[in-house]
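Here's the structure, in structure tokens; my notes come after.
What follows is calculated from the coordinates using simple rules that are stated; it is not laboratory data. Since the structure is predicted, the reported quantities are computational estimates derived from the model, not experimental observations. Every residue, glycine as well, gets a Cβ built from its backbone with ideal geometry; the counts of neighbours run over all protein chains shown.
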């Protein structure tokens with residue numbers, strides 16, 4: 001399937017985002033990158049040589065002026081910043097999902113099938129799996145001598 005947007009340069013992409021009510025501001029942590037935000041969600045874009053933009057920081061919620069990462073703990077999703085970790089609400093997840101879809105469509109980025117089904121997380125930390133590998137001994141290897149003969 002052909003892309004619906006044509007390849008433009010980074011500045012044209014930023015102008016297109018501004019025309020669609022995205023807020024665009026310089027991102028101080030990496031030179032040349034910009035923070036793009038809308039409706040409580042944001043992402044950091046970086047210019048690339050072969051295309052209009054690439055994600056430096058994946059779409060996430062803006063919490064206290066900081067771009068937060070989405071953490072999945074198996075039973076619930078959380079929004080994590082350097083100082084805070086709060087449970088994610090359904091409206092926040094929907095906002096991130098809408099933002100990511102619109103941003104990918106406008107920048108011409110690839111939209112994967114699993115991402116179109118719902119919001120994907122940046123980190124996965126399942127508490128039931130922590131330390132499990134240390135509790136179980138390695139299984140015996142059948143072709144090695146065990147000393148029983």
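In the range 101-117, what count of residues is obtained for those that are within 18 Å of residue 36 (Cβ to Cβ), assigned to a helix (DSSP H, G or I) and without any contact (Cβ under 8 Å) to a residue 60 or more places away in the chain?
Of the residues in the range 101-117, 3 are within 18 Å of residue 36 (Cβ to Cβ), assigned to a helix (DSSP H, G or I) and without any contact (Cβ under 8 Å) to a residue 60 or more places away in the chain.
Considering only the range 72-100, state which residues are in contact with a helix residue (DSSP H, G or I) (Cβ under 8 Å, 6 or more places away or on another chain) and either assigned to a strand (DSSP E or B) or more than 26 Å from residue 24 (Cα to Cα) (or both).
Result: 73, 74, 77, 79.
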Mind listing whichever residues of the range 59-68 are surrounded by fewer than 16 Cβ atoms within 10 Å (Cβ to Cβ) and assigned to a strand (DSSP E or B)?
66
Which one of the conditions (1) touching a residue at least 12 places away in the same chain (Cβ under 8 Å); (2) surrounded by 15 or more Cβ atoms within 10 Å (Cβ to Cβ); (3) touching a strand residue (DSSP E or B) at 6+ places or on another chain (Cβ under 7 Å) does residue 78 fail to meet, given that it meets all the rest?
(1)
Out of all the residues in the range 38-50, is one or more free of Cβ contacts under 8 Å to residues at least 12 places away in the same chain, under 22 Å from residue 113 (Cα atoms) and in a loop (DSSP other than H, G, I, E, B)?
no
If you go through the range 14-34, how many residues are surrounded by fewer than 16 Cβ atoms within 10 Å (Cβ to Cβ) and assigned to a loop (DSSP other than H, G, I, E, B)?
7
